[in-house]
Structure formats: C-alpha cells, structure tokens
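One structure is given below, encoded as structure tokens.
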Amino acid sequence: MSLSVQFFSLLAMIGTGIAAGVIMDLFGSVIAACDKRAFIRRHAFWFELAVWILIGAGAFWILVLVRDGAWRMYDPVAQISGMLLYAAIFHYPFRFIGRLLLLVIIRPIWYLIRFLLLIVQRIIRIVVSILSFLTSPIVRLIKTAGKFLQKKVEYYIIENNSVYGEERCVRHE
C-alpha cells in the first residue's frame, strides 16, 4: 500500500469521525427538542445505540471503498481525532448552517404544510356545519316525535299496568 493511499484513508477516517460528530450532535439536538413524554425521548438509549451502529457500519463502508475493508491500528485514532476536530473547530459552523437551513428551508415548508392542513380542516368544518344546518330540522323532528311517542308509550304502560298495583307503575319524567 502506497503512502498516498494510507494518507487518503487517514483523511477518510478523520472525515468519518467528523461525520459521526455531526450526526451525534444532530441526534442530541433532536432528543433535547423532544418532550419528556415523547417516544423518542423515552427510548433515547436504544435510538442512540442504533445510530452508533449505523455510524460504525458507515465507517466500515468507507473503509471498504478506500482500502477494501482493511482495518489499520490508526483508524480508531483517526476517527476519534475527527470527532474532536468537529467539537473544537467545526461545531459552530455546522450549527450555523443547521440554523440557516432550518430558517430558510425547513420552517417555510413546515408552515406551508400546516397552512394546507388548516385549509383542509376549515373546508371539512364548513361542509360539516352546512350538513348539520341542513339536517337540523330532521333531527329536531325525530327528537320531538320520539318524546311524543315516549309519552304515549308511558301512558299506555301506566294504564295497562294499573291492575298490577301502584308499585309496578314507574313513570320516568
């Protein structure tokens, strides 16, 4: 293996360390933004474990691309160096880029989705209120007829049960 390939693989492993730092910082931000009762927050340990496994698989995939999967002793040191490099130098620029993407791209899309859902909700509410208004006379007629028929049935029961005595005659008012 030539020196240039070793140097390139060292830079690749430092890059995977920086990527791991970015991913774990993003994961920590997502967990911190969640409510304490949220599913993600309650199972954060297992999600973080899965993220670390995926980061390890991604680093090995980079190793396969660069060196056919040959692992050297300096690879973990390079990855840890990349994570420390992210924490020392790249943390603030990445956070700035993340806030910028949030303000410029993600929030407008989120507001647009919420606006469209609000429009659909209002349309459904208008249709329901129109149908409710149109069916309200029928509902009132059914309720009134039901009360009238109930009084007739109660009167019929009281008249027919009078032979059994007063204790069997129950009138609901």
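The values are calculated or read from the model by the stated rules, or taken from the named source; none is laboratory data. Values in this document were obtained by computation on a predicted structure and should not be read as measured data. Heads up, the Cβs are rebuilt from the backbone with ideal geometry, glycines too, and the neighbour counts pull from every protein chain shown.
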Task: Filter result for ASP25 (among the acidic types (Asp, Glu) and part of a helix (DSSP H, G or I)) - done: yes
Open item on the list: Given the criteria assigned by TED's automatic domain parsing to the domain that holds ALA19, loosely packed, with under 10 Cβ neighbours inside 10 Å and part of a helix (DSSP H, G or I), does TYR92 qualify?
Closed with: yes
Task: ALA70 vs. criteria of a type in the set (Gly, Ala, Ser), part of a helix (DSSP H, G or I) and either touching a helix residue (DSSP H, G or I) at 6+ places or on another chain (Cβ under 9 Å) or surrounded by 11 or more Cβ atoms within 10 Å (Cβ to Cβ) (or both) - done: no
Task: Candidates ILE157, ILE124, ILE80 - the one that is surrounded by 10 or more Cβ atoms within 10 Å (Cβ to Cβ) and modelled with pLDDT under 90 - done: ILE157
- [ ] Would you point out the residue of segment 34-49, among those that are aliphatic (A, V, I, L, M) and surrounded by 12 or more Cβ atoms within 10 Å (Cβ to Cβ), that is farthest from GLN79 (Cα to Cα)?
- [x] ALA38
Open item on the list: So for segment 90-110 (the condition being charged (D, E, K, R) and under 18 Å from the mean Cα position of the chain (by Cα)), does at least one residue qualify?
Closed with: yes
